[in-house]
Amino acid sequence: MTNTGGPGHPDGRAAEQGEPPERPQFRSGFGALIGRPNVGKSTILNRMVGRKIAITADKPQTTRNRILGVVAGSGYQLVLIDTPGIHKPHHMLGEHMVRTARAAMEEVEAVLMVVEANEPPGPGDRYVANYVREARTPAFCVLNKIDLVGPAEREPAIRSYAGLAGFAAVYPVSALTGEGMDELLRAVLDVLPPGPEYFPEGVTTDQPEQFIVGEVVREKIIGLTEEEIPHSVAVEVQEMTPRPNGTIYVRCLIYVERRSQRGIIIGAGGAMLRQVGTAARKELESLLGSSIYLDLWVKVNADWRNRDRALRELGYR
């Protein structure tokens, strides 16, 4: 009997005799999270990647470097860049942070400008929107923290931000609860071109372990201190050495700008430094899957935020 047609192939060949069906093209590309300080960019990055790779705090200018996270799934790989909050800088470190954020917008397929649903557009948002317009890259407005507003307030919030920078769309989300994050991801994936797999399967960031360790220590200091301390602190990881008993010895040098700040971080009888060390060690053991011996030291590095050499030595150049 002659086979004159059937399922599995348009010319009638049987499925088991035909070529395998074409696979959809793999899509990949880069996206940049942009916004004024303290709007939740790092929390969004962690939520989309599915693990913590960027520190978070309720204090502005927590993120100082560009941090890369890999969001991967069936048929796609989105490389998200978390950037420092864009603000009017008051020192050389601030200038570095703004340059870092602006540069990220020039090398991506999509810009995600993050704003707060519970706040109306302010001067800081309009300041960032100007940079987004200049970049001429497809841009989405991410209306974060919708868990803090009622359903009736969402539509007015969307309208208030929609015209800031010629956005393709405004996506209300909550990085804290995950609401709206799937819709945002689908929208960004739609603008990605066919491309390669930039990172091997299972890789979630390009940051070395030393960077993550230093950031976790700095996060705990930010959370436990007030006033000028969070902005004046830098952390240098000087050593990470595995020991025969399976513990990793980690030595960190914490820099501050004034002697009075050193006293605050150390605390009475070393109490504050012990508190920082305990909180950081517990999180690092969870992140790295190893027992950690954390050795913390505090040193004054006067006016380091305004000295080019100090910024370079600390990785901010």
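The values are calculated or read from the model by the stated rules, or taken from the named source; none is laboratory data. These numbers come from a predicted model, not from an experiment. Positions of Cβ are generated from backbone atoms using ideal geometry, with glycine treated the same way; all protein chains shown enter the neighbour counts.
Output the residues belonging to the stretch 265-289 that are loosely packed, with under 14 Cβ neighbours inside 10 Å, more than 24 Å from the chain's Cα centre (by Cα) and either among the charged types (D, E, K, R) or within 27 Å of Arg66 (Cβ to Cβ) (or both). Within the stretch 265-289, just Arg274 meets the criteria. If you go through the stretch 88-138 and pick out every residue that is more than 17 Å from Ile44 (Cβ to Cβ) and in contact with a helix residue (DSSP H, G or I) (Cβ under 7 Å, 6 or more places away or on another chain), you end up with 12. Put simply, of Val250, Val300, Val256 the only residue that is more than 16 Å from Gln210 (Cβ to Cβ), of a type in the set (A, V, I, L, M) and within 26 Å of the chain's Cα centre (by Cα) is Val256. When restricted to residues that are small (Gly, Ala, Ser) and touching a strand residue (DSSP E or B) at 6+ places or on another chain (Cβ under 9 Å), the stretch 230-249 contains 2.
Annotation note: of Tyr293, Tyr316, the sole residue that is surrounded by 13 or more Cβ atoms within 10 Å (Cβ to Cβ) and in contact with a His (Cβ under 7 Å, 6 or more places away or on another chain) is Tyr316. May I ask you to verify whether Val233 is crowded, with 19+ Cβ neighbours inside 10 Å and hydrophobic (A, V, I, L, M, F, W, C)? In short, yes. Only residues that are of a type outside the set (D, E, K, R) and at pLDDT 90 or above were counted across the stretch 287-317, and they come to 11. Checked against the criteria, Val191 does not count as touching a residue at least 12 places away in the same chain (Cβ under 8 Å), aliphatic (A, V, I, L, M) and out of contact with any Pro (no Cβ under 7 Å at 6 or more places or on another chain).
Where helices (runs of 4 or more DSSP H) sit wholly within the stretch 86-168, those with at least 2 residues that are within 30 Å of Leu314 (Cα to Cα) occupy 92-105, 123-135. Considering (1) out of contact with any Gly (no Cβ under 8 Å at 6 or more places or on another chain); (2) closer than 23 Å to Thr56 by Cα, the lone condition that Gln275 does not fulfil carries the number (1).
Test Thr241 against the criterion of being surrounded by 17 or more Cβ atoms within 10 Å (Cβ to Cβ), more than 20 Å from the chain's Cα centre (by Cα) and either outside the structural domain of Pro37 (by TED's automatic domain parsing) or closer than 25 Å to Met92 by Cβ (or both), and give yes or no. Judged against the criteria, Thr241 is not a match. Exactly one residue out of Glu179, Glu183, Glu227, Glu201 is farther than 26 Å from Lys282 by Cβ, exposed (fewer than 14 other Cβ atoms within 10 Å of the Cβ) and touching a helix residue (DSSP H, G or I) at 6+ places or on another chain (Cβ under 9 Å): that is Glu179. Those strands (runs of 3 or more DSSP E) of the stretch 205-311 in which 1 or more residues are in contact with a Ser or Thr (Cβ under 7 Å, 6 or more places away or on another chain) and either farther than 23 Å from Thr83 by Cα or in contact (Cβ under 8 Å) with a residue 60 or more places away in the chain (or both) occupy 248-256, 292-300.
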